[in-house]
Amino acid sequence: MTRTGLRLFVALLVVMAGVAGGIAPGVATAESTAQDAQCEFPATFEDAGGAEVTLAEEPEEVVTLNPSAAQTMWEIGAENKVTGVSQYASYLDGAENRTAISAEDGFTSVETVIDLDPDLVLAPNTIPPETVEQLRSEGDLTVYQFESASSIDDVRDKTRLIGQLVGECEGAEETVSWMDEELSAVEDRIEGEQPAVYFEFFETTPGQNTFQNDVLTTAGGQNVAAEAGIDGWGQMSQEQLVEQNPEWLVVTEGYPLPEGRASSPAPQWRRTTSSM
């Protein structure tokens with residue numbers, strides 16, 4: 001596999017996994033959904049905050065507070081149920097026809113979500129617990145809060161779980177099957193040494209115990225942040241970056257490198273293989 005091919009596969013896998021995804025562990029749906037893939041209502045789920053979320057019937061209107069939840073809804077064929085999305089989900093086809101639920105500061109506009117009065121709100125792990133509680137207390141809304149994903153398996157479970165929450169189990173299973181086929185194709189093409197990769201997202205990088213690390217290694221790369229001992233999302237110092245000497249810099253589409261890095265004038269970039 002060429003290094004260019006590696007970069008393309010990394011991009012594919014990151015998009016497929018939905019960069020900021022999350023999954024609630026310890027929920028009865030995680031294993032049972034994988035086995036049964038049945039959508040039945042009424043249903044009760046325990047979310048990441050320990051709250052019991054009860055759905056009396058299949059939700060018809062859903063608000064997603066984060067792009068990962070929105071993209072999952074699109075992937076499983078449930079986009080027609082989505083009535084509100086955050087500003088960062090604008091890349092999705094048809095997102096412009098949904099209500100933007102982000103405030104001017106980029107955070108969730110609680111008032112806008114309450115006004116939409118959805119049957120269900122999907123709140124990935126990036127949403128503060130205070131926002132979740134405000135939606136529940138002030139709007140009397142049904143909110144499911146997710147926890148951070150740490151592996152590709154978590155992304156599979158999250159996909160199935162969202163399918164069960166919104167009554168789209170079949171679409172969720174089809175999406176997981178597609179993911180597995182793509183992953184299998186990647187594994188078949190990985191050969192030789194693993195090039196060192198630095199992945200940056202809004203000036204932070206995923207280390208150990210993140211599904212992005214799992215994505216990078218599955219794609220055939222060696223995640224320098226994990227090698228440097230970073231746990232979860234963090235930042236690498238100039239010294240760490242030079243020491244790890246990454247061969248590839250991976251930046252999400254639509255988010256350019258900070259000023260100057262493309263031409264590598266900054267010392268930490270000039271002194272790594274990736275600047276060549």
Quiz item: Quick check: is even one residue across segment 190-207 open to solvent by 10 Å² or more (accessible area, probe 1.4 Å), touching a residue at least 12 places away in the same chain (Cβ under 8 Å), β-branched (Val, Ile, Thr) and over 23 Å from Phe41 (Cα atoms)?
Solution: yes
Self-check item: Among (1) hydrophobic (A, V, I, L, M, F, W, C); (2) farther than 20 Å from Val63 by Cβ; (3) open to solvent by 10 Å² or more (accessible area, probe 1.4 Å), the one test that Val176 misses
Solution: (3)
Self-check item: Within segment 79-97, tally of residues that are assigned to a loop (DSSP other than H, G, I, E, B) and touching an Asp or Glu at 6+ places or on another chain (Cβ under 9 Å)
Solution: 5
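Rundown of residues vs (1) farther than 18 Å from Thr142 by Cβ; (2) among the polar types (S, T, N, Q); (3) at pLDDT 95 or above; (4) over 21 Å from the mean Cα position of the chain (by Cα), yes/no style:
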position	(1), (2), (3), (4)
Val82	no, no, yes, no
Gln87	yes, yes, no, no
Tyr91	yes, no, no, no
Ala95	yes, no, yes, no
Arg98	yes, no, yes, no
Glu104	yes, no, no, yes
Phe107	yes, no, no, no
Thr112	no, yes, yes, yes
Leu116	no, no, yes, yes
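Considering Ile162, Ile114, which residue is in contact (Cβ under 8 Å) with a residue 60 or more places away in the chain and in a helix (DSSP H, G or I)?
Criteria check complete, one pass: Ile162.
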Exercise. Would you check which residues across segment 121-137 are part of a loop (DSSP other than H, G, I, E, B) and touching a residue at least 40 places away in the same chain (Cβ under 8 Å) and list them?
Key: Pro124, Asn125, Thr126, Ile127
Exercise. Report, by residue number, each residue of segment 128-161 that is in contact with a helix residue (DSSP H, G or I) (Cβ under 9 Å, 6 or more places away or on another chain), crowded, with 22+ Cβ neighbours inside 10 Å and closer than 20 Å to Ala89 by Cβ.
Key: Leu135, Val143, Tyr144, Gln145, Phe146, Ala149, Val155, Lys158, Thr159, Leu161
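Kindly check whether there is at least one residue in segment 56-70 that is polar (S, T, N, Q), farther than 22 Å from Glu174 by Cβ and crowded, with 19+ Cβ neighbours inside 10 Å.
Step one: filter segment 56-70 for residues polar (S, T, N, Q), giving 64, 66, 68.
Those left that are additionally farther than 22 Å from Glu174 by Cβ: 66.
Those still in the list that are crowded, with 19+ Cβ neighbours inside 10 Å too: 66.
Yes.
Conditions (1) within 13 Å of the chain's Cα centre (by Cα); (2) of a type outside the set (Val, Ile, Thr), marked per residue:
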| site | (1), (2) |
| --- | --- |
| Thr142 | no, no |
| Phe146 | yes, yes |
| Ser150 | yes, yes |
| Cys169 | no, yes |
| Glu181 | no, yes |
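Being on the phi < 0 side of the Ramachandran plot, of a type in the set (S, T, N, Q) and without any contact (Cβ under 8 Å) to a residue 60 or more places away in the chain is the filter; apply it to segment 217-247 and report the residue that is surrounded by the most Cβ atoms within 10 Å (Cβ to Cβ).
Filtering segment 217-247 for residues on the phi < 0 side of the Ramachandran plot gives 217-219, 221-228, 230-231, 233-244, 246-247.
Pick out the ones that are also of a type in the set (S, T, N, Q) and you get 217-218, 222-223, 235, 237-238, 240, 244.
Checking which are without any contact (Cβ under 8 Å) to a residue 60 or more places away in the chain leaves us with 217, 222-223, 235, 237-238, 240, 244.
Details: Thr217: 16, Gln222: 17, Asn223: 28, Gln235: 13, Ser237: 10, Gln238: 12, Gln240: 16, Gln244: 19.
My answer is Asn223.
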Quiz item: Given the structure, is Glu187 over 20 Å from Ser151 (Cβ atoms) and part of a helix (DSSP H, G or I)?
Solution: no
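Tally up the residues in segment 72-87 that are open to solvent by 20 Å² or more (accessible area, probe 1.4 Å) and touching a Gly at 6+ places or on another chain (Cβ under 6 Å), please. Quick ask: steps written out before the conclusion?
Filtering segment 72-87 down to residues open to solvent by 20 Å² or more (accessible area, probe 1.4 Å) leaves 74-75, 77, 79-80, 83, 87.
Still in the list and also touching a Gly at 6+ places or on another chain (Cβ under 6 Å): 77.
Matching residues across segment 72-87 total 1.
The values are calculated or read from the model by the stated rules, or taken from the named source; none is laboratory data. Everything numeric here is computed off the predicted structure, so don't read it as measured data. Cβ coordinates were reconstructed from backbone atoms using ideal geometry, including for glycine residues, and neighbour counts include every protein chain displayed. Accessible surface is based on the protein model in full, side chains and every heavy atom, while ligands, DNA and RNA are left aside. Shrake-Rupley method; radii C 1.70, N 1.55, O 1.52, S 1.80 Å.
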